[in-house]
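The values are calculated or read from the model by the stated rules, or taken from the named source; none is laboratory data. These figures come from a predicted structure and were not determined experimentally. Cβ placement follows ideal geometry from the backbone for every residue including glycine, while neighbour counts extend to all protein chains displayed. Side chains included, ligands, DNA and RNA excluded: accessible areas come from the protein's heavy atoms. Shrake-Rupley method; radii C 1.70, N 1.55, O 1.52, S 1.80 Å.
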Amino acid sequence: DQGQHDFRFRVLWGKAPALAKALIPAAMELNLPLEPMFIYNQPTAIQDNPNLTDSLITVTPSTVTLVALKKAEDSDGLILRLNETLGRKTKTSIRMTGMKNPFEIELHPFEIKTIYVRRSAKGVQMREIGLLEE
């Protein structure tokens, strides 16, 4: 190829278990840096420990990453985009402040799924949609 090419590298070292745990967050930070987005979330105390507060969104297991969070184009809902990072079929649980039960979805190896989130009088509702928000 001709022309100028720019490359960024990050070197990680350590023992295999610790390195494997640090690899995905380090790669995400390097390749997909966070963009600022303001959402006001009144912290909610966790029932078992009132000194701790619940996160706005929690995705488990850690091998599934939240790669995008944005306002829906045609409504007041939110769009979550999830990515399975280890190449394994994975059952994922998504919990959001105000939800009674987590939303569960299965991802295939390296699959990306888009979730539409809407708050209503009935609480938080989630459903899977296409990548183009359809």
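Calculate, for F7 and R81, the FRET efficiency according to 1/(1 + (r/R0)^6) with r their C-beta to C-beta distance and R0 25 Å; round to the nearest 0.05.
Values: r = 26 Å, r/R0 = 1.04.
Rounded to the nearest 0.05, the efficiency is 0.45.
Cβ under 15 Å from A27's Cβ, A27 left aside: what net charge do those residues give with Lys, Arg +1 and Asp, Glu -1?
Working: positive: R8, R10, K21; negative: E29, E84.
So the environment of A27 carries a net charge of +1.
Once you sort the root eigenvalues of the Cα gyration tensor of region 76-134 as a ≥ b ≥ c, which label holds: rounded (a/c under 1.5), prolate (a/b larger than b/c) or oblate (the other case)?
Details: a/c = 3.05, a/b = 1.59, b/c = 1.92.
Verdict is oblate for region 76-134.
How do 99-109, 73-83 rank on mean C-beta neighbours within 10 Å, highest first?
Numbers: 99-109: 13.5, 73-83: 15.2.
Top to bottom by mean Cβ count within 10 Å: 73-83, 99-109.
Write down the accessible area per residue of region 58-134 in Å², having rolled a 1.4 Å probe over the full set of protein chains.
Values: 4620 Å² over 77 residues.
I get 60 Å² per residue for region 58-134.
How far apart, in nm, are the 7 Å Cα→Cβ label points at K122 and L23?
So the label points at K122 and L23 sit 4.2 nm apart.
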